[in-house]
Structure formats: structure tokens, C-alpha cells
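S.K.: So that we are looking at the same thing, I have put the structure below in C-alpha cells.
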Amino acid sequence: MLEGGKIDAWQAVFLNVIMVAATALLSAPAIMAAQAGHDGWLSALLATMLGLPIAWITVKLSSLYPGQTLIQYLEDIIGRWPGKALGLLYLLYFTHITSIMTREYGGFLVDVFLIGTPITAVNAIALSISAYIIKLGLEVLARSNQIFFPWIMVSLVLTFLLVIPEMDLTKFQPVLEAGGLEIFKGSLAPWAWHGEIIAFAMVIPFLAKPGEAGKIVILTFIILGLIFFLLVVVGLAVFGPGLANMNYPILNVTRVIALARVIERPEPLIMTVWVAGGLFKVTFFYYIIVLGSAQLLQLKSYRPLVLPVGIILTALSINIAGNTLEMFGFIAHYWPFYALSTFEFGFPAALLGIALIKNRGIKGK
């Protein structure tokens, strides 16, 4: 077996939350505000609700093919070669978005904290740490994330609490001014972030109790809904319409705290949140790429693939975008349509339909 480790329900919830929310900390509030204005908080709530069907499809497919990952049951649903072809496309998709995550991770550090440091070095170091964790297996990844996750959440909660004196709730008025269409547009990018839950299909077989997958995604989405909602509410209450023009809104929130003299130099707080959360998100997707590749190629171990995949991810992350604005523009305007229409919602929905028809045919016989 390629992966002998098992993770419990809470470890899975923590992994899922980090898998979705870590990169959203950077740009989600600004993207929602750019489309929906001060109604961006409604976009956040809508995105969480729209993501629930993707979570349900993910769990349902895994329940129809117990013990198999997404890459494995594709062949059972649509046949060997079409399944392998779609599996390859999924791996390319995971590789693409992992390179984007790594670029976001490195770009943030270089833009804000490690100014002048080559992004190549930052990304290579981050992926080297990820590679080391991956070689130790899924259990080590889950346990490491479990240690850091509470601190990440505490850091966010403290940031939100400390900025309360600077919040002005009148900046949300009038409600629904943006209109339904703009609120929906504002929900597209965060909906696509929620849609990354499809990657959970790669680890459901390694749950200590796979039957708890449904409960896990419900808890995941409750936490995610709160995070996305609070991110945009705090940003709008502090900055108003100006939130839409910020690259790193949550970092700017911590700087407002500094200006209010509540605490001095709080930027290391958010740096800790982003470095830990971003690293675990990159590591998780890096892991499912090598695991899925090994399953597709029917290898006995995924570990020989860790180094070559790491080199590919490093190269792609450096060349994926010319600058931070270009990358955020892609995430805001193109990525939701690319991801949701295919790998996150379109393909899984079609696969579930085919699987249900096939299973009914088998039962009928």
C-alpha cells in the first residue's frame, strides 16, 4: 500500500481548513470587496453555501468506491484509459494550483518581510521543507498541522479582537446596495477556494473512520464559513471601499492595530499565521500530487517522486506569473471559471451521475 498512515477526524478537519483557507488569507477580502463593495460579507456567506454541493459530491463519490482515492476510482467510473487520462488532468490541475500557492507564499514573504531576497530561494526552501514532511508520510503531515493549527486560529482571533476599536459598522450601509449579480460575482473566487475540498477525495481512504467523512466536511465548512465571513467583515469595517485596492488586507489590519498602539509591531503575528498555514497547504497539495502520480503509474512507493515533483513545482512557481498583481488578477477573474467548470464541480458532478447510473444498472441485474 502506498500510504499506510491513518488520520483521525479532527486531523482531517484541520487539514481541510488549512487546505482551503491558507491562501485565502491573502487576497479573498479584497476580491470580494472589489466586486460586491460593502456587501462583500454576503459574497462570503454565499460562497460557503455554494461550496457545500461540491463537498457532498466529494463524500458521496468516496462512499460509492470505499478504499479508493479520486485517481483510483476514476477508472472504475469511466473505464481504464479515459480514467487514466482524466486522472492525469487532475494531477496537472493540482500541480498548477500548487505552483500558484507556492508563488503566493513566496511573493508575500519577498514583498513584505524578505525584501530583496530571490523568490527562487524562498520557494525552494519552502518546498524542501514540504518534501521532508511528505517523505515522513500523511500521519506526520497531519500531526504537524494539528500542532500549528490552534496557534494559527488564535493568531487570527486575536487580530480580529484587537482591531475592534478601529471598526466602523456604518461602512456596511446600505445593505444590498451592490445588487444580487455583483454579490454573486464576488462569491466566485471564494467559491473556487471552497471547491478545493475536492482534494479531500485523495485522503478519505486514509481516515481512521472513513464513514466520518460527511461529518468532517460539515465541520470544515462551518469553520471555513466563519473565517471567510470574519476576514471580509473586519476588512470592510476597518477600511471600507479601500479594501478592494489592497494586496494583503489582513496584513494591513495588523498595521492598523500598531497605529492604534494596542501592540507594537504586530506584523510577525500575521507572518507566523501565513508562513505556517501557507506551508501546510502547499505540503498537502504536494503530497496528493506525488501520491496520485504513484497510483496512476502503479508504483509501489510515492517517495521516489518527491524530488522530481518538487523541482517541477519550484520551476513553475517562479514562472507562473510576472508579478503579484498579475497573479491576483488571474485568481480573481479567470481561476474560478477554470476550476469550477471542470475539476472542482463540473467533472465531479458528471462522474457522480455516471457512477449512480452504473450502480443502479448493477443492482438491477
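The values are calculated or read from the model by the stated rules, or taken from the named source; none is laboratory data. On a predicted model such as this, the values are computed, not experimentally measured, just so you know. FYI the Cβ positions are ideal-geometry reconstructions off the backbone, even for glycines, and counts take in every protein chain you see.
S.K.: Report, by residue number, each residue of segment 76-91 that is aliphatic (A, V, I, L, M) and within 13 Å of A339 (Cβ to Cβ).
M.R.: Answer for segment 76-91, where residues must be aliphatic (A, V, I, L, M) and within 13 Å of A339 (Cβ to Cβ): just L89.
S.K.: Closer than 13 Å to S128 by Cα, within 18 Å of the chain's Cα centre (by Cα) and at pLDDT 95 or above, is that true of V309?
M.R.: Judged against the criteria, V309 is not a match.
S.K.: Picking from S317, S341, which residue would you name as being out of contact with any Gly (no Cβ under 8 Å at 6 or more places or on another chain), polar (S, T, N, Q) and part of a helix (DSSP H, G or I)?
M.R.: On inspection, the qualifying residue turns out to be S341.
S.K.: Would you please name the residue that is surrounded by the fewest Cβ atoms within 10 Å (Cβ to Cβ), looking only at residues in segment 40-64 that are under 18 Å from S27 (Cβ atoms) and among the hydroxyl-bearing types (S, T, Y)?
M.R.: That would be T48.
S.K.: A further question on this structure: So G322 passes all but one of these: (1) part of a helix (DSSP H, G or I); (2) within 20 Å of T23 (Cβ to Cβ); (3) out of contact with any helix residue (DSSP H, G or I) (no Cβ under 6 Å at 6 or more places or on another chain); (4) small (G, A, S). Which condition number does it fail?
M.R.: (1)
Residues checked against (1) among the small types (G, A, S); (2) outside any helix (DSSP H, G or I); (3) at pLDDT below 90; (4) on the phi > 0 side of the Ramachandran plot:
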{"residue": "L127", "(1), (2), (3), (4)": "no, no, no, no"}
{"residue": "K171", "(1), (2), (3), (4)": "no, no, yes, no"}
{"residue": "A189", "(1), (2), (3), (4)": "yes, no, no, no"}
{"residue": "P205", "(1), (2), (3), (4)": "no, no, no, no"}
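S.K.: I need the full set of residues from segment 300-314 which are assigned to a loop (DSSP other than H, G, I, E, B) and more than 15 Å from Y287 (Cβ to Cβ), in order please.
M.R.: Matches in segment 300-314: K300 only.
S.K.: So which residues in segment 215-247 are of a type in the set (G, A, S) and either closer than 23 Å to I57 by Cα or touching a strand residue (DSSP E or B) at 6+ places or on another chain (Cβ under 6 Å) (or both), if there are any at all?
M.R.: Matches in segment 215-247: G225 only.
S.K.: Could you tell me whether segment 92-110 includes any residue that is touching a Gly at 6+ places or on another chain (Cβ under 6 Å), closer than 20 Å to A339 by Cβ and at pLDDT below 95?
M.R.: yes
S.K.: Quick one: in segment 231-251, which of the residues that are within 15 Å of F108 (Cβ to Cβ), modelled with pLDDT under 85 and assigned to a helix (DSSP H, G or I) is farthest from the chain's Cα centre (by Cα)?
M.R.: Residue satisfying both the conditions and the ranking: L251.
S.K.: Let me ask something additional. Return only the number of the condition from (1) assigned to a helix (DSSP H, G or I); (2) more than 18 Å from the chain's Cα centre (by Cα); (3) over 27 Å from L226 (Cβ atoms) that I115 does not satisfy.
M.R.: Every listed condition holds for I115 apart from (1).
S.K.: Please note which helices (runs of 4 or more DSSP H) are completely contained in segment 1-78 and include at least 3 residues that are at pLDDT below 90.
M.R.: On the way: elements: 9-36, 40-64, 70-78.
Ranges flagged: 9-36.
S.K.: Another one. Of the conditions (1) more than 30 Å from Q295 (Cα to Cα); (2) touching an Asp or Glu at 6+ places or on another chain (Cβ under 9 Å); (3) modelled with pLDDT of 95 or more, I222 clears all except one; give me its number.
M.R.: That leaves (2) as the condition not met.
S.K.: Next up: Answer yes or no: is there a residue in segment 178-187 that is touching a His at 6+ places or on another chain (Cβ under 8 Å) and either at pLDDT below 95 or in a helix (DSSP H, G or I) (or both).
M.R.: Checked segment 178-187: at least one residue is touching a His at 6+ places or on another chain (Cβ under 8 Å) and either at pLDDT below 95 or in a helix (DSSP H, G or I) (or both).
S.K.: Which residue out of T254, T272 is surrounded by 19 or more Cβ atoms within 10 Å (Cβ to Cβ) and hydroxyl-bearing (S, T, Y)?
M.R.: Sole residue among the options that is surrounded by 19 or more Cβ atoms within 10 Å (Cβ to Cβ) and hydroxyl-bearing (S, T, Y): T254.
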